[in-house]
1. Does the stretch 145-235 come out rounded, prolate or oblate, given a ≥ b ≥ c as the square roots of the eigenvalues of its C-alpha gyration tensor, rounded meaning a/c under 1.5 and, failing that, prolate meaning a/b above b/c?
2. Report the rotationally averaged projected area of the stretch 174-218 based on its alpha-carbon convex hull, in square nanometres.
3. Give the percent of DSSP beta bridges with both residues in the chain that are antiparallel, rounded to the nearest 5.
4. Can you tally the net charge around Asp63? Count Lys and Arg as +1, Asp and Glu as -1, for every other residue whose Cβ sits under 12 Å from the Cβ of Asp63.
5. Go through (i) 9; (ii) 50; (iii) 26 and flag the label whose value is the computed percent of Cα pairs over 32 Å apart for this structure.
6. Tell me the carbon and sulfur percent of the accessible area for the chain, rounded to whole percent, probe radius 1.4 Å.
7. If you count, for each residue, the other Cβ atoms within 10 Å and average over each peptide, how do 63-69, 200-206, 144-150 line up from highest to lowest?
8. Using only helices, what value at 222 nm comes out for the chain when you add -39,500 (n - 2.57) per DSSP H run of length 4 or more and divide by the total residues, to the nearest 500 deg cm²/dmol?
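The values are calculated or read from the model by the stated rules, or taken from the named source; none is laboratory data. Just so it is clear, the structure is predicted and the values come from calculations on it, not from any experiment. Backbone-built Cβ (ideal geometry, glycine too); neighbour counts: all protein chains shown. When the accessible area is computed, the model is the full protein with side chains, heavy atoms only, and any ligands, DNA or RNA have been set aside. Shrake-Rupley method; radii C 1.70, N 1.55, O 1.52, S 1.80 Å.
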Amino acid sequence: MKRVLKIGLLFGFTLLASSPCVLPAVSSPKVDKLPSVDWWRSKVSSQITASTGKRYTGCVFGDSISSGLGNSLGQSNYNFAMGGMSTVSLLEQLKQLKAGNIQCQKVIVAIGTNDAMYSINNVDFKNNLRQIVTLTRGLGASEITLLPAFYSTVEASKNPNVAGTLDRVDEINTLIRQVGTEQDVTVRIDVIQPLFRDRALRGDLTLDGVHLNDSGKRIYRQALLDLLNSAVSSR
């Protein structure tokens with residue numbers, strides 16, 4: 001009886017595997033779920049607690065690439081960047097910061113790298129970015145600078161679990177330029193260009209094909225400081 005049962009099970013598994021009605025599992029589209037994640041909500045709450053009622057010379061918003069600089073941009077500036085961020089979570093972060101009455105004279109928005117990897121369509125991306133610009137103006141920003149999405153290395157761009165394709169980064173950057181023109185804000189591609197060679201992140205400036213190593217961080221930090229200091233000197 002047991003032998004008959006085993007044969008039946010094996011036969012059943014064979015039919016199941018060969019059946020045209022049984023499809024292989026498909027990985028779910030990558031979406032930004034950070035606003036529903038406990039650690040993210042806790043981090044934003046901590047940022048609000050530390051910054052409520054304060055006015056900063058400069059505020060930086062972005063993802064893990066900017067977050068990797070930590071608090072190295074000077075006491076008058078605040079780095080609000082957090083790992084994994086896209087325009088979806090940045091929009092929610094800014095709504096909460098605005099409710100906390102946080103003021104920023106100069107804003108740098110470095111977003112889009114994760115959008116290139118996540119499943120977001122062009123219309124939603126542009127709408128998110130437009131609202132992000134509006135909200136940063138609501139923080140009192142008299143000068144807003146958009147940075148383009150960062151390229152990964154060619155090798156990393158071929159792994160959908162690591163980075164968006166170079167072509168999708170190009171598309172995202174085209175959308176960023178369009179929103180910059182529509183909203184009359186500056187898009188500064190030139191300041192981070194030393195990090196790249198052609199359309200890819202320089203291999204000598206990255207830890208893993210996406211994130212910057214110490215040499216890359218020095219270049220990026222100086223680029224941000226130059227932007228922030230130009231705002232101070234122009235007052």
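1. oblate
2. Numbers: hull surface 14.9 nm².
Projected over every direction and averaged, the Cα hull of the stretch 174-218 covers 3.7 nm².
3. Antiparallel: roughly 15 percent of the beta bridges in the chain.
4. Around Asp63, the charge tally is -2.
5. Evaluating percent of Cα pairs over 32 Å apart on these atoms matches (iii).
6. Numbers: 6660 of 12200 Å².
Roughly 55 percent, rounded to a whole number.
7. Going by the mean number of other Cβ atoms within 10 Å, highest first, we get 144-150, 63-69, 200-206.
8. -14500 deg cm²/dmol
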